[in-house]
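Please treat every number below as a calculation from the coordinates, not as lab data. Quick caveat, the model's predicted, so the values are computed rather than measured. Quick reminder, even Gly has a Cβ in these numbers, built from the backbone with ideal geometry, and neighbours come from all protein chains shown.
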Amino acid sequence: MVYKVGEGIRWDHQVIFDLIPQGSSVLDLGCGNGELLKRLIEEKDVWGLGVDKNIAKVEGCIENGVPVLHADIDHGLHQFPDNFFDYVILEKTLQAVAKPLDLLDEMLRLGKSGIISFPNFGYKGVIESFVKTQRMPRTKALPYYWYNTPNIHLFTARDFLDLVEEKSIKIEEGMSWIRGEIKPFKEEESSEAEEILFVVSRK
Amino acid sequence: MEKVNRASTSRKKKKYESPDSPTSVGWTRPYTVRLADENNPLLLDCGEKLAPIDVEYEIYGQMNEKKDNVILLLHALSGDAHAAGWDEKAEEMGRTWRIDRPGWWDSMIGPGKALDTNKYCIICSNVLGGCYGTTGPASINPKTGRAYGLDFPIVTVGDWVRLQERLISYLGIERLYAVVGGSLGGQQALEWSLAYPHRVERAIILASSARLSAQGLAFNVVARNSILNDKNFNNGNYYDGEFPAQGLAIARMLGHITYLSETSMREKFGRRYRENGSRPGFHLGVDFEVESYLQYQGQSFVARFDANSYLYITRAMDYYDAADWGDGDLEKACSRAQAKFLLVSFSSDWLYTPEQMKELAFALYRNRKSVTYVDIPSTYGHDAFLLEVDKLTPIISKFLKGGMDHGI
């Protein structure tokens with residue numbers, strides 16, 4: 001598959017848009033203004049639902065004509081049946097929740113597949129920034145200071161691979177964002193990847 | 001009377017928009033139409049056939065040529081068709097309480113407002129069994145030549161909606177751009193989406209649920225008992241004599257307790273005394289601010305509402321259960337729906353709780369319907385759907401535009 005990133009579209013948005021088949025059902029956890037879902041609904045005839053706890057984001061979804069559930073993804077989803085969605089999306093969200101393992105479990109209960117993108121803390125730019133400044137690293141993907149970052153559970157590509165093994169989760173597909181290009185994920189070059197996306201399912 | 005005035009001044013002065021304001025719908029008038037007669041009676045859920053039935057309604061904004069910009073607004077327990085603007089016939093028709101205040105959702109309806117009359121045509125009618133122009137227990141029973149009183153049949157939310165459907169068809173409207181309602185009005189909006197799924201494009205349901213809770217039923221029982229046991233009630237035949245004012249006022253006071261939250265009561269009244277702030281008056285009359293408020297609400301309600309209507313409407317509220325469409329299974333019932341839904345609860349509403357609204361949202365989600373659910377943080381309790389104008393306006397107007405592509 002060849003991925004192209006259009007003007008002003010986030011790389012992971014584009015990857016997700018391309019890999020979700022026509023007519024799927026999609027749950028986007030921490031959906032923001034619903035831009036990704038809007039495209040999926042309009043162009044791919046998806047039954048889509050966003051979830052966000054921020055009421056301003058919820059309004060953004062409404063403005064975009066995207067159905068949205070105003071709820072906390074940590075404990076607002078138990079009323080959905082198992083396997084209700086074809087895809088559950090966690091876009092740069094897993095590292096920002098209180099209980100990432102519970103959310104991962106919930107994601108794989110709700111969806112046949114999960115799509116997770118995250119800022120890679122093992123990216124060499126992060127490590128360089130840390131070594132050089134002796135301060136909490138700040139990069140394009142991690143622009144916050146230690147005191148205002150929403151990213152309370154940062155992890156590296158390898159951390160994730162360890163977890164996947166432990167929890168018998170299967171990685172269907174992996175993509176890396178390397179110097180402005182989308183490349184298939186390779187563990188040996190993971191320190192080059194600023195951001196990573198995995199498609200996962202239960203083993 | 002002096003006491004009542006005092007009570008009213010202790011409340012926050014409400015600022016109303018004048019009829020010449022550019023965002024007001026201005027002067028309004030009620031219309032009446034006969035929608036059921038002997039040849040075409042309305043078959044009620046209770047099995048009876050009712051005729052004649054007149055319906056009073058109001059219209060704001062212009063219907064477009066295709067008549068596809070119509071929003072049907074549904075009122076709650078104590079509301080009526082006069083939802084916005086200033087009733088030019090208030091004096092003439094003896095509806096004096098309307099002289100110094102606009103319709104019940106004036107802040108939401110008008111040019112540029114949430115229900116924008118520059119784009120949409122808004123219709124609101126009085127429910128069957130009510131007391132403002134639509135046939136109800138105070139209307140003349142053609143069989144006896146006297147007011148129905150308790151001979152009026154038990155009516156349901158389903159009956160109301162079937163009658164509203166007659167009104168909509170009479171006005172030549174095929175499909176409603178939206179149905180909108182709060183509380184009991186929200187249940188009518190839901191009923192519309194289930195009874196006439198292909199005639200409703202959008203349903204906006206505020207501070208409501210698929211059915212009233214046991215706690216809600218209990219409050220209604222007490223309210224009705226208060227009316228039924230009033231010494232003037234006379235089995236509902238009080239139209240020629242003394243009105244059961246006490247009973248109705250107490251019912252309304254009880255209602256108001258359920259419309260506020262503990263926080264809003266604390267903020268509004270606290271434990272303040274009416275006379276000298278911190279000191280009791282050492283009497284059993286109205287002493288606390290909150291007492292004064294409830295007394296005012298009770299008394300002013302008596303001036304505008306019929307006790308029998310209160311009995312009938314609360315009963316309709318009790319009986320409503322959207323799950324009836326699915327043989328008791330709400331999820332199955334929701335499979336009928338075709339509309340896009342906007343469901344809004346308010347965090348401090350304990351009469352129609354956020355949990356109940358979520359139950360409805362998930363019953364719809366499980367049918368893969370298009371549903372947006374928002375829980376608005378508010379301290380106003382159930383009344384929030386009337387008061388949280390600033391928070392509701394962007395949500396409702398954006399939802400009505402519907403992503404621009406399909407909106408008007």
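One table, with the values for the structure above:
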read-out	value
Contacts under 8 angstrom Cβ, first residue in the stretch A:30-48 being within 12 Å of chain B (Cβ to nearest Cβ) and assigned to a helix (DSSP H, G or I), partner β-branched (Val, Ile, Thr) and crowded, with 17+ Cβ neighbours inside 10 Å, 6 or more apart	A:Leu37/A:Val26; A:Leu37/A:Val46; A:Leu37/A:Val66; A:Lys38/A:Val66; A:Ile41/A:Val66
Selection within the stretch B:291-342 - more than 26 Å from B:Ile71 (Cα to Cα), assigned to a loop (DSSP other than H, G, I, E, B) and without any contact (Cβ under 8 Å) to a residue 40 or more places away in the chain	B:Asp327, B:Gly328, B:Asp329
Residue that is nearest to A:Pro119 (Cα to Cα), among those in the stretch A:173-203 that are in contact with a helix residue (DSSP H, G or I) (Cβ under 8 Å, 6 or more places away or on another chain), assigned to a strand (DSSP E or B) and of a type in the set (Gly, Ala, Ser)	A:Ser176
Some residue of the stretch B:376-389 being charged (D, E, K, R), surrounded by fewer than 23 Cβ atoms within 10 Å (Cβ to Cβ) and within 20 Å of the chain's Cα centre (by Cα)	yes
Hey, A:Ala98 surrounded by fewer than 21 Cβ atoms within 10 Å (Cβ to Cβ), more than 10 Å from chain B (Cβ to nearest Cβ) and out of contact with any Pro (no Cβ under 8 Å at 6 or more places or on another chain) or not	yes
Verdict on B:Ser345 being crowded, with 20+ Cβ neighbours inside 10 Å, more than 8 Å from every other protein chain (Cβ to nearest Cβ) and either assigned to a loop (DSSP other than H, G, I, E, B) or basic (Lys, Arg) (or both)	no
Members of the stretch A:16-29 that are in a loop (DSSP other than H, G, I, E, B) and either without any contact (Cβ under 8 Å) to a residue 12 or more places away in the chain or within 12 Å of chain B (Cβ to nearest Cβ) (or both)	A:Gly23, A:Ser24
Close pairs from the stretch B:254-272: first free of Cβ contacts under 8 Å to residues at least 60 places away in the same chain, partner of a type in the set (S, T, N, Q) and in a helix (DSSP H, G or I), Cβ under 8 Å, at least 6 apart	B:Leu254/B:Ser226; B:His256/B:Gln297
Answer residue from the stretch B:310-342, given it is charged (D, E, K, R) and within 14 Å of chain A (Cβ to nearest Cβ) and is surrounded by the most Cβ atoms within 10 Å (Cβ to Cβ) among those	B:Lys340
Residue check, A:Glu63 facing chain B (nearest Cβ under 8 Å) and over 18 Å from the mean Cα position of the chain (by Cα)	yes
Any chance A:Asp52 is buried (at least 21 other Cβ atoms within 10 Å of the Cβ), within 14 Å of chain B (Cβ to nearest Cβ), within 18 Å of B:Ala361 (Cα to Cα) and under 17 Å from the mean Cα position of the chain (by Cα)	yes
Answer from B:Lys66, B:Lys119, B:Lys113 - the residue that is surrounded by 21 or more Cβ atoms within 10 Å (Cβ to Cβ) and either out of contact with any Pro (no Cβ under 7 Å at 6 or more places or on another chain) or not in a loop (DSSP other than H, G, I, E, B) (or both)	B:Lys113
Cβ-Cβ under 8 Å pairs, at least 6 apart or on other chains, the stretch B:366-383 side within 11 Å of chain A (Cβ to nearest Cβ), far side of a type in the set (S, T, N, Q) and not in a loop (DSSP other than H, G, I, E, B)	B:Arg368/A:Ser25; B:Tyr373/B:Ser345; B:Val374/B:Ser345; B:Asp375/B:Ser345; B:Ile376/B:Ser345
Checking A:Ser113 against (1) farther than 30 Å from A:Glu188 by Cα; (2) touching a residue at least 12 places away in the same chain (Cβ under 8 Å); (3) away from every other protein chain (no Cβ under 14 Å), the condition it does not meet	(1)
Subset of the stretch A:68-92 that is touching a residue at least 60 places away in the same chain (Cβ under 8 Å) and crowded, with 21+ Cβ neighbours inside 10 Å - its residue that is farthest from the other protein chains (Cβ to nearest Cβ)	A:Leu90
Some residue of the stretch B:125-134 being among the small types (Gly, Ala, Ser), more than 20 Å from B:Pro19 (Cα to Cα), buried (at least 24 other Cβ atoms within 10 Å of the Cβ) and out of contact with any strand residue (DSSP E or B) (no Cβ under 6 Å at 6 or more places or on another chain)	yes
Criterion: within 27 Å of B:His82 (Cα to Cα), crowded, with 19+ Cβ neighbours inside 10 Å and of a type in the set (Phe, Trp, Tyr) - qualifying residue of B:Phe269, B:Phe301, B:Phe233, B:Phe243	B:Phe301
Yes/no for B:Leu284 being aliphatic (A, V, I, L, M) and over 20 Å from the mean Cα position of the chain (by Cα)	yes
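Each row is one residue, and each column tells you yes or no for (1) free of Cβ contacts under 8 Å to residues at least 24 places away in the same chain; (2) assigned to a strand (DSSP E or B).
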position	(1), (2)
B:Trp160	no, no
B:Leu167	no, no
B:Glu174	no, no
B:Val180	no, yes
B:Trp192	no, no
B:Ser208	no, no
B:Val221	yes, no
B:Asn225	yes, no
B:Lys231	yes, no
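Yes/no matrix, rows are residues, columns are (1) among the polar types (S, T, N, Q); (2) surrounded by 20 or more Cβ atoms within 10 Å (Cβ to Cβ); (3) over 15 Å from the mean Cα position of the chain (by Cα):
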site: A:Gly122; (1), (2), (3): no, no, yes
site: A:Glu128; (1), (2), (3): no, no, yes
site: A:Thr133; (1), (2), (3): yes, no, yes
site: A:His153; (1), (2), (3): no, no, no
site: A:Met175; (1), (2), (3): no, yes, no
site: A:Lys186; (1), (2), (3): no, no, yes
